[in-house]
Each structure stands twice: as C-alpha cells, then as structure tokens.
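Visitor: Before we start, here is the structure in question, set down as structure tokens.
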Amino acid sequence: MSRIGRTPITIPAGVEITIDENNKVVVKGPKGTLERTIVPQIKIERNGDVLNVTRPNDEKQTRSLHGLSRTLVYNMVVGVTEGFSKTLEVNGVGYRAAKEGNKLVLNVGYSHQIDLEDTEDITTEVPNPNTIIVKGIDKQKVGQFAAEIRGVRPPEPYKGKGIKYVDEVIRRKEGKTGAK
C-alpha cells in the first residue's frame, strides 16, 4: 500500500471540510476556500479531526491515484491555513522588478517592460528590486504563475543573467577561449 496514501491528514482548528457523494472535496479555512473533485475510485473518510484516504483494490491505476489524491487534499488543507509562496531572484545589470498597483513590472533587458497582472487568488510582492515573492492558497496556481514569471527571461548559463528561483542552481558554462 502507498506510504503517502496511508498517512492520515489531521484537520487543524478553524478548517471545515465537506465531502460530497461524488468525491467533491471543499475545504474552507481562514485564508479562503478551495474545492477539487477526486477520482471516484478513491474513498475519503472523515473520522473526527482526521481524514483517511483509501483505495478499494490494488490495480495499477488506483495505486497510482492513491498517493496523489491524498497529497492533493493535504495541499488544500495547508493552502487554506498557511498558504504557499515561491521566491524568485532577478539577476543582471539593469534588470529589476517593481510593483505598480496590482501589476508586476519587469525590466529584464528587452526594449519594453513586461507587465504581469495579479489574479484574484495570486498576489506578488517585491521587497527589493531583485526579489519577487509569489503568494497564494493554491499550490498549483502559485507554481504556474512563478513559472510564467521565470519564463519571461530564463537564466542563461554563461553570465547567469535572468530570473531564477532562489533555491535554483544555475550550471555555469565556460565561454569561448582564444586558442589558435
């Protein structure tokens, strides 16, 4: 049995979870509300303040969905209580980020500025011109928006210029040599 799928999910105080008959899970917490439909083969049962995710058989399909379903529900619970964030770093001479209202303005070496607008559930912060913080309650949307920001100017391997995640390591390459 899946080790991840077997682990119970404890429900913190202040979080409401409702499970419909067609496996639609709605999680309400202090930061907002998330909902997701889990595949019908996986059963979600509530016992007091603990959620258990079980599977009916050991077919390959249900085994692969077991741990995934548990992790999706767990991420919903964490999202409405703590939220998720990703931090990006802007490297390069003259490269900078700024916040104008609900828009993120990036100057990253193009002839024009790049404007990215915050959505209703994703917010961005710019504590200094070289750091961008993406925050939200849905882990998938936070990661997607951070990837879109990084995609504006991905880091290049020769000088390391571009937008990268803070914990990302850029493998540097050596430039051309002048050997004759």
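The values are calculated or read from the model by the stated rules, or taken from the named source; none is laboratory data. Keep in mind the model is a prediction, meaning the values are calculated, not measured. Ideal geometry is used to build each Cβ from the backbone, glycine not excepted, and the neighbour counts take in all protein chains shown. Just so you know, the surface numbers come from the protein's heavy atoms only, side chains and all, with ligands and any DNA or RNA stripped out. Shrake-Rupley method; radii C 1.70, N 1.55, O 1.52, S 1.80 Å.
Visitor: Need the failing condition index for residue 106 against (1) within 25 Å of residue 136 (Cα to Cα); (2) open to solvent by 40 Å² or more (accessible area, probe 1.4 Å), just the number.
Guide: (2)
Visitor: Would you tally the residues in segment 15-53 being free of Cβ contacts under 8 Å to residues at least 24 places away in the same chain, more than 29 Å from residue 122 (Cβ to Cβ) and surrounded by 14 or more Cβ atoms within 10 Å (Cβ to Cβ)?
Guide: 1
Visitor: Can you tell me which of (1) at pLDDT 90 or above; (2) farther than 26 Å from residue 134 by Cα; (3) open to solvent by less than 40 Å² (accessible area, probe 1.4 Å); (4) not in a strand (DSSP E or B) is the one residue 77 doesn't meet?
Guide: (2)
Visitor: Evaluate the following for residue 65: is it open to solvent by less than 40 Å² (accessible area, probe 1.4 Å), part of a strand (DSSP E or B) and either closer than 26 Å to residue 120 by Cα or of a type outside the set (D, E, K, R) (or both)?
Guide: No, not satisfied.
Visitor: I've got another one for you. List pairs: first in segment 83-98 and within 15 Å of residue 155 (Cβ to Cβ), second open to solvent by 40 Å² or more (accessible area, probe 1.4 Å) and among the polar types (S, T, N, Q), Cβ under 6 Å, 6+ apart or cross-chain?
Guide: Short answer, once both residue conditions are applied: 90/130.
Visitor: Checking the conditions here, which among 141, 86, 99 is touching a strand residue (DSSP E or B) at 6+ places or on another chain (Cβ under 8 Å), surrounded by fewer than 19 Cβ atoms within 10 Å (Cβ to Cβ), assigned to a strand (DSSP E or B) and not small (Gly, Ala, Ser)?
Guide: That would be 99, the only listed residue that is touching a strand residue (DSSP E or B) at 6+ places or on another chain (Cβ under 8 Å), surrounded by fewer than 19 Cβ atoms within 10 Å (Cβ to Cβ), assigned to a strand (DSSP E or B) and not small (Gly, Ala, Ser).
Visitor: Applying the selection to segment 1-19, what residues are modelled with pLDDT under 90 and either in a loop (DSSP other than H, G, I, E, B) or farther than 24 Å from residue 57 by Cα (or both)? Before the answer, list the steps.
Guide: At the first step, the residues of segment 1-19 found to be modelled with pLDDT under 90 are 1-6.
Once the filter is applied, which keeps residues that are modelled with pLDDT under 90 and either in a loop (DSSP other than H, G, I, E, B) or farther than 24 Å from residue 57 by Cα (or both), segment 1-19 yields 1, 2.
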